[in-house]
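Notes follow the structure.
All of the numbers you see were taken from the coordinates with simple rules; none came from a lab. This is a predicted model, so every value here is computed, not measured. Cβ: placed from backbone, ideal geometry, glycine included. Neighbour counts: every protein chain shown.
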Amino acid sequence: MSEKVKFMIARFVFIILLIFPLLYLILSRLQNPNDFIRADAPQMNAIPPVASKTLVSAKKNALDNPSFHTYLELGLRYYEEKQFEESVMATQKALEYNPESHLAYNNLCAAYNELKLWDRAIECCNKALKLSPEFQLAKNNLNWAVMEKEKLKVSDSK
């Protein structure tokens, strides 16, 4: 066998040994088929996510045992699933049980931030900070909303 053929075989084996483990790592990390879709691509044809067991459990718990805590938990689970409108509705229901909850107002602020409803987010974080002035997470969410609102003003003025 010539040196050229040996070199080509060695290079082919090297590439196979390099590419297959990388390909395996990439494919094994994917959680669902939507992971192939670019983040900036329209999601209209994407496969809808299946509700997690924790979301299903939180829904059942809120229906079976309606309370501040069960609706707050449901709002968090919706937020984790990136279902921000539902998160807002569940958290607002939690506030019906406890209208003085700085946690609920902060969670509303975070959901409104994700929905890019900056004024509502600012209003909710201000309520959270009025109830608990040292609540750092609410301060962070408020800063996020204020900064994004300012960016919007700057881009609108151009």
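Gain in length, Phe12 to Lys82, computed as 0.36 nm per residue apart minus the alpha-carbon separation, to one decimal in nm? Could you put the intermediate results ahead of the total?
Numbers: separation 70, 0.36 × 70 = 25.20 nm, distance 4.39 nm.
So the chain would gain 20.8 nm between Phe12 and Lys82.
Take the alpha carbon gyration tensor of region 71-135, find the square roots of its eigenvalues, order them as a ≥ b ≥ c, and report rounded if a/c is under 1.5; if not, report prolate when a/b exceeds b/c, else oblate. Intermediate results must be reported in sequence, preceding the final value.
Details: a/c = 1.96, a/b = 1.22, b/c = 1.60.
Verdict is oblate for region 71-135.
What is the calculated FRET efficiency for Tyr97 to Ser52, with r their C-beta to C-beta distance and R₀ = 22 Å, to the nearest 0.05? Could the numbers behind the result be given before it?
On the way: r = 24 Å, r/R0 = 1.09.
Once the sixth-power term is evaluated, E becomes 0.35.
Provide the net charge surrounding Tyr71, with neighbours chosen by a C-beta distance below 14 Å and charges set as Lys +1, Arg +1, Asp -1, Glu -1. Spell out each step's value before the answer.
On the way: positive: Lys59, Lys60, Arg77, Lys93; negative: Asp64, Glu73, Glu86, Glu96.
That sum, taken over residues with Cβ under 14 Å, equals 0.
What's the ranking of 103-113, 85-95, 56-66, 145-155 by average number of surrounding C-beta atoms within 10 Å, highest first? Show your work: numbers first, answer last.
On the way: 103-113: 25.5, 85-95: 20.6, 56-66: 14.5, 145-155: 12.8.
The most tightly packed comes first, giving 103-113, 85-95, 56-66, 145-155.
Could you work out how much longer the chain between Lys149 and Glu3 gets when fully extended? Use 0.36 nm per residue separation minus the Cα distance between them, nm to one decimal.
On the way: separation 146, 0.36 × 146 = 52.56 nm, distance 6.59 nm.
Value of the extension gain: 46.0 nm.
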